[in-house]
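> One structure coming up, written as structure tokens, with questions to follow.
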Amino acid sequence: MNSVKEALHNDGVALLGVGEHPYSAHEIDELIALCLKLPHPDGIGEENRLGVGRILVDPVDVAREARGYESAKVEAPEIAQQILDIVASPQALAFWADCFSLNEVAVRRAQTNFLYPGDEVGSHNDHESNPAYRISVVMGLSDDYTGGDFIAHIDSADERRFRVNRGDILVAKPELQHAVSVVESGKRMSLILFMY
């Protein structure tokens, strides 16, 4: 845990493999099966090309309303609740709170991102969506793709690329500027959590 805290403190981002985060291999399998059942319509703006399956919608959703988008909706609430039961278990939330030296955290927004060849996510930070976010989590749910690197802009001279494979979790400070490079082949599927 100390190495994770150190990476988050120094760089604002850390990549954790299976066994280094609070979710078991069985839970990852369950999450993949559930996320594949979610509807995931295309697109969330001109700068982003991806399909998004809504699990939990932020009641504030500052960026979408400010940009004139229609409010996002959870289209499969029963499946979404099953996903939340796993990712927001008391054990998992305690783990994420400890990573950031917080007393407690809660999931404020959750979604799956599906990227296919040609899809990408433009450079942004998660505070743009809601300045209240304190933790961003990207859980890899597939590894049969090329491209699709998570690009972290640590500072103006330090750009790092991470491949988030099935079962890996990338955790970041929400103010970290980042993007996802163009997927070249296959399907990149991830589960994204925003906590406060």
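> Between VAL183, VAL138, VAL18, find the one with the highest GNM mean-square fluctuation for the chain; connect C-alpha pairs within less than 10 Å.
Answer for the Gaussian network model of the chain: VAL18.
> Of the labelled options (1) 11.0; (2) 10.2; (3) 12.0, which one gives mean projected area of the Cα convex hull in nm² as computed for this structure?
(2)
> Quick one: which of LYS37/LYS173; LYS37/LYS187; LYS5/LYS187 span more than 26 angstrom between C-alpha atoms?
Pairs exceeding 26 Å: LYS37/LYS173; LYS5/LYS187.
> Also, I was wondering about something else. 222 nm [θ] for the chain, helices only, -39500 (n - 2.57) per DSSP H run of 4+, per residue, to 500?
That comes out to -7500 deg cm²/dmol.
> Return a whole-number percent for the relative contact order of the chain, with Cα pairs under 8 Å and 6 or more residues apart as the contact set.
Averaging sequence separation for qualifying contacts and normalising by length gives 28 percent for the chain.
> Return the ratio Rg/(2.2 N^0.38 Å) for region 117-196, where Rg is computed over Cα atoms only.
1.06
None of the figures in this text is laboratory data; all of them are computed from the coordinates on show. Model, not experiment: these values are computed from the prediction.
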